[in-house]
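Visitor: Shown below is the structure under consideration.
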Amino acid sequence: VETIRRAKDDSNIKGIFLDLSDSNISFTKAAEVRKAMLDFRASGKFITAFSKYYDQKAYYLASVADKIYMHPVGGMDFRGFAAQIPFLKDMLGRLDVNMQIYYAGQFKSATEPFRLDKMSPQNRLQTHEYLDGMYNHFLADISASRNVSVSDLRSMANNYAIQTSEDALRLKLGDAIGYRDEVLGDLRSRLGLGATEKINTVALSDYFESKSDK
């Protein structure tokens, strides 16, 4: 986040190329990075996003870009939020494992996998509450960036309408379809470079280190 803030005011940095093909980021971290990139883009600099396949966290981050590229044989996972909770009580019983469990009051879900075979109403309620809050935030941010209504986004997720790159393009969640070399060609054009000229790039970590003592 600090590096992106520095890059915003650095005349040597013209834009961000966001390659999310191998991203592994939590929604919490993605939200913070996304805020910094929104501020970066407000300066007039560009952000181009590309991925071989967008999971929901990767797309949430990519949605801030002014141009989102979809891989020709890639796709997108856009189907809402859910929680999967394992229950071990029956298995432990078959193994003659006797769990020593202590809890008091309601909404004590940490021990439920060892003492129940399904979610309690209290755990179902609290899980729904935190997922719904996260999901509403997720949809609102994407809606604002992509100019697609929250209700339309919900419908896409509920109907699992986006599976291929063509689906994303048709429903306005993507801007273009292309391989990585085609994306780099577009970047050259945006930078005013010739078709064979090298794009001067710097990795986020290297840029941070180069500026850390200034």
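The values are calculated or read from the model by the stated rules, or taken from the named source; none is laboratory data. On a predicted model such as this, the values are computed, not experimentally measured, just so you know. So basically every Cβ, Gly included, is an ideal-geometry build from the backbone, and we count neighbours across all protein chains shown. Ligands, DNA and RNA are stripped out before the accessible areas are found, and what is left, the full protein with its side chains, is counted by its heavy atoms. Shrake-Rupley method; radii C 1.70, N 1.55, O 1.52, S 1.80 Å.
Visitor: Looking at region 37-81 only, could you name the residues that are under 17 Å from residue 141 (Cβ atoms) and aliphatic (A, V, I, L, M)?
Guide: Residues satisfying the conditions are 37, 38, 42, 47, 49, 58, 61, 62, 64, 65, 68, 76.
Visitor: To continue, here is another question. Can you pull out the helices (runs of 4 or more DSSP H) entirely within region 1-119 that have at least 2 residues that are closer than 24 Å to residue 210 by Cβ and open to solvent by 20 Å² or more (accessible area, probe 1.4 Å)?
Guide: 2-8, 27-42
So that you can scan it fast, the table gives a plain yes or no per residue for (1) over 30 Å from residue 181 (Cβ atoms); (2) more than 15 Å from the chain's Cα centre (by Cα); (3) of a type in the set (Phe, Trp, Tyr):
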site	(1), (2), (3)
32	yes, no, no
37	no, no, no
42	no, yes, no
50	no, no, yes
60	no, no, yes
67	no, yes, no
75	no, no, no
89	yes, yes, no
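Visitor: So, one more: Please list, ordered by first then second residue, the pairs with beta carbon atoms under 8 Å, 6 or more apart or interchain, first in region 1-13 and over 17 Å from residue 61 (Cα atoms), second of a type in the set (S, T, N, Q) and open to solvent by 20 Å² or more (accessible area, probe 1.4 Å).
Guide: 8/43; 9/43
Visitor: Across region 11-32, which residue is modelled with the lowest pLDDT among those that are farther than 17 Å from residue 189 by Cα and touching a Lys or Arg at 6+ places or on another chain (Cβ under 8 Å)?
Guide: 23
Visitor: Then there's this: List pairs: first residue in region 58-78 and of a type in the set (Asp, Glu), second residue surrounded by fewer than 24 Cβ atoms within 10 Å (Cβ to Cβ) and assigned to a loop (DSSP other than H, G, I, E, B) anywhere in the structure, Cβ distance under 8 angstrom, at least six positions apart or on different chains.
Guide: From region 58-78, the pairs are 77/55.
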